[in-house]
Amino acid sequence: MAIDKNIYNNGINGLLSYYEIETLSRDYEMYKGMFREATEKRTGIPFRKMSRLEEEKRIAQVLSKASYGIYREKKFSKCDEYGKITKWQRFKMKVKFIFNIKKWWILFQLRRELKKKWKTEKDWS
């Protein structure tokens with residue numbers, strides 16, 4: 001049984017998100033209830049198990065936000081003399097990110113594939 005001290009302490013203090021709690025290994029199976037309860041007390045948001053489709057949507061959201069952060073870091077080199085991005089540069093970055101057709105096409109394909117997958121799994125049940 002290999003339990004990390006930092007993960008255990010963060011779980012007891014309620015610093016783990018529900019997704020992180022659900023993705024912990026089998027070694028933490030007996031502690032997951034405690035971790036959920038502590039997180040619920042700290043955040044005030046009750047635990048609700050996500051369906052598979054909701055999990056996949058959440059992963060897509062996280063990935064798109066992460067890609068926006070990476071894109072912003074690349075553009076951060078072009079800043080004013082005080083080291084801040086100007087309002088015009090920030091606006092251009094947001095517009096380029098929103099109108100990124102390739103990203104939207106990938107998310108559309110992912111959604112379509114997941115609908116097919118979960119629809120066939122529902123038929124088997």
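The values are calculated or read from the model by the stated rules, or taken from the named source; none is laboratory data. Here the structure is a predicted model, which means the values were calculated and not measured. Positions of Cβ are backbone-derived with ideal geometry, glycine not excepted, and every protein chain shown enters the neighbour counts.
For segment 10-40, residues that are over 21 Å from Glu54 (Cβ atoms), in contact with a Lys or Arg (Cβ under 8 Å, 6 or more places away or on another chain) and exposed (fewer than 14 other Cβ atoms within 10 Å of the Cβ) total 1. Checked against the criterion of being modelled with pLDDT of 75 or more, outside the structural domain of Tyr18 (by TED's automatic domain parsing), assigned to a helix (DSSP H, G or I) and charged (D, E, K, R), segment 63-75 has no qualifying residue. A search for C-beta distances below 7 Å between a residue of segment 21-49 that is at negative phi and any residue that is at pLDDT below 85 and among the β-branched types (Val, Ile, Thr), counting only pairs 6+ apart in sequence or on different chains, returns Asp27/Ile3; Tyr28/Ile3.
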